[in-house]
Each structure stands twice: as C-alpha cells, then as structure tokens.
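Asks: Have a look at this one before I ask anything.
The values are calculated or read from the model by the stated rules, or taken from the named source; none is laboratory data. Predicted model only: the values in this text are computed from it and were never measured. When we count neighbours, we look across all protein chains shown, and the Cβ atoms used for this are built from the backbone with ideal geometry, even at glycine. In case anyone asks, the SASA skips ligands and DNA or RNA and just uses the protein heavy atoms, side chains included. Shrake-Rupley method; radii C 1.70, N 1.55, O 1.52, S 1.80 Å.
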Amino acid sequence: MSRETAGTADDREPGTDPLLRIEDVRKSYGSEEVLRDVSMTVDRGDVEVLVGPSGSGKSTLLQCINRLTEVDSGRIFLEDLEITAPETDPNEVRGRIGMVFQDINLFTHLTARKNVTLGLEKVRGMDREEARLRADEELDRVGLADQADSYPAQLSGGQKQRVGIARALAMDPELMLFDEPTSALDPELSNEVLAVMEQLVEEGMTMVVVTHEMRFARGGATGITFLDEGEIVERGPPETLFENPDHERTARFFESIRHD
Amino acid sequence: MTDRPDLGWLLTIVAAVAFWGWLLSRWATDWLLAPLGIGPGRGENYLSPAPLEDAAGTFEGTAAAVGPLRVRVDPIATVLDGAALAVEVAPVLADGAWHTIVLTAVSLLLGLAIAVPLAVVRVYGGPFAWFALLYTELIRGTPLLAQLFVLYYGLDLAVWLNDVDVVGRGFVPEYAFWIAIIGFTINGSAYQAEYIRGALESVDEGQLTAARAVGLSKSEGIRYVVLPQTLRYAIPAWTNELVYLIKYSSLAGFITVPELYYRASRIASTTLEYTPVFTLLALVYIGLVLTATDAMGRLERRVAVPGLGGGEGRQQARTEGE
C-alpha cells in the first residue's frame, strides 16, 4: 500500500510520472485548521477522487492547487513548477490548470461561446476568429455546439456545467480540478455532466475530482483519497476503499453516503 | 401590437415631435442660420405674440360685456395670455435648455468616468479603499451649492479659465459654465460611485473567481467580467442620477450660468409674471426628464442580457426558464 501514504517525492513508485505533488500543506482560517499536513502525488493520467464529509478540507485543497487560496505552509508542485512559491505567477499556474466549480460560475453576461473565448483571447492572446473556432470545437466536445449563442440563463444546469468544462478545457490544461461539479444539479442533469467527465477520463486527462458521485469514483477513478478534519485518513484504489478500507472512519463514511 | 391606434402613444409622439422640433429648430436658427442671415435671427421670435395678446384683450373685454350671462371667458383670456408669453420667451428658454442639456450630459459622463475607478477602488482597493470612502463622504456630506460657491468664488478657477482663449468666444460658453461642469462632475462622481459600488457588490463573487481560474488577472477579471455586469445593474440607478442632475443643474444659475432656471427667473423678476413663467419652465424640464428616462430605458433594453439586470433581461430569463 505504498500509495496510501504516498506524498513526498521520495516514495514515488518506480515508473510513475508525477504531475502534481503536494507536500505537507497546512491551511487555517483563523483558529480553525482546514488542512493539516496533507501530502499526495497525482501521476499524469490519473484520476484522483477526493471524498470526505463537508468541512473536511477537500475544496480548500483544490483551491490551494491553483492558488485561489494561499497555503500557510508546505509546497505544491506542478511538474517542476513550484506553484506555492511566492515568485510564481498565479496566472501562469491557472493557465495550466483548469477548474470547474460547484456553483458553475459561467460569466452571466456572455454567451456560451464567449464564455469560452474570453480566456483564449485575453490570456492566450488568440485573435477573435481563431478563438471562435477553438470555442466551437470545445462546445462540440461537450455536446453543446447548438447552444453556442445561448446565454447562461437560457441553459439548463447540466448544460451550464458542460459549458463550464468546455471553458476550462479550451485553455489546454495539463490538470483539471473539479469541485463538486454535480452537487448543485438534479440527478438527471448530473448524468450528462458525468458523461463528459468520463469521456475526459478515457482521453487520459489528469483530474482531481471532489465529488460524492460514487458511480463516477467506481468507474473512472484510479485512486480515492478520504479526507476528514483536514487530514488524509486513507488513500488507495477504489475497490480497496469501497470494499475493504483500513480505517473505521472510512468505512463509516462510505456506509453513510450509500444510504443517501 | 393592436390594430387600433393607441391614443396615448399618438399623443406622446405629437408632444415629443413638438418639443424637440421646437428646440432643434431654435438651435439651428440661432447658430447655423442667423449668421447666414436666414430666418428671424438669433434669439428673435418666429411669430409675433401681438395677435395672441390682442385676442386675450378681446376676451377680457367680452367678459365684462357678457357678465350678466355668467359665461366665464376669463380662463380663455388667461390661456391666451400664457400663449403670448410662451411665444415671447421661447427663444430664451431654448437657449437655456441648451445650457442645461450640455451641463447635465457632460457632467454625467465625466462623473461616470471618475465614479467607475472610484467604486472599484472602494470595493477591491484594499488599503486604498478608505481614500475612496473619504472622497465619497466628503462630497456627499456637503451641499452642492456650497461646493459650487467654493469653486466659483473661493478658488482662482475663474481667473485661470478666463485666460483660456476659447472660453466665452462664439460657440463656447463662459467660464462660469465650465466651473459648473467641474462642480457637477465632482458631485455626481461621488453619487454615481455609490450606485456603482452597490452594483459591484451585487455581482456574485464566483464570477471573479471563475475569471481568475481561467488565468485572467484580478484587474482583467474586473474589467471583462465584473464591470460589464455591474454597469448593466447600475442603469436604473444611473437613470435616477440623470433625472436628478437635470434639475440640480438649476443650481448653476446661482453662479450666473445662463441655464433654464436662471433664464426663467430673470424673466419672471422683470415681468413679474411668476406663475406663467415658472409653469413654462416646468414644462420644459418635464420634456427633458421624460426624454432622458425614455432614452435610458432604450439603452437598458439594448444592452439587456437574459438573466441579468435590466427589465428585458429579467423578463426573458423568466419566460425561458420555465
């Protein structure tokens, strides 16, 4: 079970290709410790699912990875780039990491297409026509080519989230972060979003996913990390964590969400 | 659309054409045609008020004659008198309206140019937010008239502006007008900054987070994502500011700017016809305010986005969300 405690650069498995390394990350909001010495490694092509009760620090960890939140101590690397170094430009980090939000956060005043082209034009410096073609490609990839001119208010929740994914994918990220992408959606609308995510898994995208969708975790995840009270309690392949977890807390958690 | 012609709509169109036809033709006469020797000349009436006065006199005379029949023809005489006065003072009011419109429009736009960065600093400026707060509260906490007096009498602006060659020559208004523009711009910027701050704060925080997650810097996120939404939210409040400013601009009369109120009060104090003169003045202000409200309504619909801000946007989102 070397992956269970996998964390620092030293105990990599031979032959692996680490893309994301998190080392001893700590984060507090006031007196409340949200992350305590979290360490883990995600290899290129891996799909790591973070689970845990609300308030366990999953979302904070994701935000630390693209520096929407600054860590108190510890380091995070994307390949050789130290994300958490003060001299690292957060915009460069965010250009290489895509993020999908629980509350979707499409730009309300822009059409689906313009939601995608904004980053391409302003961050990547593409001209308008090039960006438009690229955006239409990405919208097609998530099955929404016909909704390119719709405004967010005219789309269903599932469609909005798929645009959110297209917006992140258009920037050619090396890593995709999903922060509870389906928890604001009805179950039927979740499915279309999960289908797009599963397609990304097949394409070999490296992903870190916070979700309570155990179907996705079973089907697509290469690893599951169970966090509780800011600590990694247990980490391993899906079958092990679901069927035969080492820790009582993990077992109790999976038991509780099974009855939801 | 109904097939029956809508009477209210028709009357609105007639009133709008009459009002703006009068103003535009008057300005054209004064500045474009008068120098060429065409038309009645600068500030001269199109019609003579004399026939109306005569008619009014006739009715007043008749009133005495038909007195025993108790037919009241006095009101007709009053209306004719008012019409004669209107014809008499129309050129002066049109020129005053020009000053009022330019003063309002220029101050509003310059004020907006200051208000947007001010509001952004107030909300996102961190340690500089207090500066924006200080400015806003100082300006909003003191009377506009006092501010104008300080600018006009207290500072050397007048001297300085008088040295500028173009000021007060031909087309370009006197220095007092420019001082009023400065005063209204500063004053309006503080109020507009408050409207925009409110609108900024009503934009969901997640919008900026998402913009930053795409790789935009904070200032790019504010510029391309937050502000376009903010300005749409702010249009109703901005309309309010415009309507206020049209009327507040009358304070410029106290520093001798020849705008509408100044002109009307001068006429009233020489003719002593206070009620009719100020009634005419009120009609001109109402015409300006209604036009401004209508124009802002059009702007709001034009930039409306489903699900965001303006009336149209809200409506579209509601019907299509069902």
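Matching residues to (1) within 24 Å of residue A:239 (Cβ to Cβ); (2) of a type in the set (D, E, K, R):
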site	(1), (2)
A:146	no, yes
A:160	no, yes
A:170	no, no
A:195	yes, no
A:212	yes, no
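Asks: So, in region B:278-306, how many residues would count as being over 16 Å from residue B:236 (Cα atoms) and within 14 Å of chain A (Cβ to nearest Cβ)?
Replies: Going through region B:278-306 one residue at a time, the tally reaches 1.
Asks: Would you call residue A:104 within 13 Å of chain B (Cβ to nearest Cβ), among the β-branched types (Val, Ile, Thr) and assigned to a loop (DSSP other than H, G, I, E, B)?
Replies: yes
Asks: Which residues, counting only those in region B:13-42, are surrounded by fewer than 14 Cβ atoms within 10 Å (Cβ to Cβ) and not in a helix (DSSP H, G or I)?
Replies: B:37, B:38, B:42
Asks: From the list A:183, A:150, which one is within 14 Å of chain B (Cβ to nearest Cβ), out of contact with any strand residue (DSSP E or B) (no Cβ under 7 Å at 6 or more places or on another chain) and assigned to a loop (DSSP other than H, G, I, E, B)? Break it down into steps so the answer makes sense when it comes.
Replies: Values: A:183 fails: within 14 Å of chain B (Cβ to nearest Cβ).
Result of the check over A:183, A:150: A:150.
Asks: State which residue is nearest to the other protein chains (Cβ to nearest Cβ) when the search covers only region A:76-101 and only residues that are assigned to a helix (DSSP H, G or I) and open to solvent by 20 Å² or more (accessible area, probe 1.4 Å).
Replies: A:91
Asks: A further question on this structure: Quick one: how many residues across region A:109-160 are under 20 Å from residue A:95 (Cα atoms) and of a type in the set (S, T, N, Q)?
Replies: Matching residues across region A:109-160 total 2.
Asks: Something else about it: Could you tell me whether region B:204-220 includes any residue that is more than 10 Å from chain A (Cβ to nearest Cβ), hydrophobic (A, V, I, L, M, F, W, C), closer than 28 Å to residue B:306 by Cβ and open to solvent by less than 30 Å² (accessible area, probe 1.4 Å)?
Replies: Within region B:204-220, none of the residues are more than 10 Å from chain A (Cβ to nearest Cβ), hydrophobic (A, V, I, L, M, F, W, C), closer than 28 Å to residue B:306 by Cβ and open to solvent by less than 30 Å² (accessible area, probe 1.4 Å).
Asks: Are any residues in region A:46-75 at positive phi, outside any strand (DSSP E or B) and more than 11 Å from every other protein chain (Cβ to nearest Cβ), and if so, which ones? Break it down into steps so the answer makes sense when it comes.
Replies: First pass over region A:46-75, keeping only residues at positive phi: A:52, A:55, A:57, A:67, A:74.
Adding the requirement that they be outside any strand (DSSP E or B) leaves A:52, A:55, A:57, A:67.
Matches in region A:46-75: A:52, A:55, A:57.
Asks: Exactly one of these conditions fails for residue B:224: (1) at pLDDT 90 or above; (2) farther than 30 Å from residue A:70 by Cβ. Give me its number.
Replies: Here residue B:224 meets the rest and fails (2).
Asks: A further question on this structure: Would you be able to say whether some residue in region A:1-19 is under 14 Å from the mean Cα position of the chain (by Cα) and either among the aliphatic types (A, V, I, L, M) or modelled with pLDDT of 95 or more (or both)? Spell out how you get there, then give the answer.
Replies: The first filter runs over region A:1-19 and keeps only residues under 14 Å from the mean Cα position of the chain (by Cα), leaving A:19.
Those left that are additionally either among the aliphatic types (A, V, I, L, M) or modelled with pLDDT of 95 or more (or both): A:19.
Yes, the conditions are met somewhere in region A:1-19.
Asks: Something else now. Cβ-Cβ under 8 Å, sequence separation 6+ or interchain: first residue in region B:23-49 and under 22 Å from residue B:101 (Cβ atoms), partner outside any helix (DSSP H, G or I) and among the hydrophobic types (A, V, I, L, M, F, W, C). Which pairs?
Replies: Filtered contacts from region B:23-49: B:31/B:171.
Asks: Being away from chain A (no Cβ under 13 Å) and surrounded by 21 or more Cβ atoms within 10 Å (Cβ to Cβ) is the filter; apply it to region B:193-203 and report the residue that is nearest to residue A:107 (Cα to Cα).
Replies: Checking each candidate, the answer is B:200.
Asks: Now, a different point. Take the residues in region A:153-169 that are of a type in the set (A, V, I, L, M, F, W, C) and either more than 9 Å from chain B (Cβ to nearest Cβ) or over 23 Å from residue A:221 (Cα atoms) (or both); name whichever of them is most open to solvent (accessible area, probe 1.4 Å).
Replies: Result: A:153.
Asks: While we're on this one: What pairs come out if I take residues in region A:207-226 that are small (Gly, Ala, Ser) and pair them with residues that are open to solvent by 10 Å² or more (accessible area, probe 1.4 Å) and in a strand (DSSP E or B) whose C-beta lies under 8 Å away, six or more apart or interchain?
Replies: none
Asks: Restrict the check to region B:242-260 and report whether at least one residue is closer than 22 Å to residue B:308 by Cβ and touching a helix residue (DSSP H, G or I) at 6+ places or on another chain (Cβ under 6 Å).
Replies: Taking every residue of region B:242-260 in turn, at least one turns out to be closer than 22 Å to residue B:308 by Cβ and touching a helix residue (DSSP H, G or I) at 6+ places or on another chain (Cβ under 6 Å).
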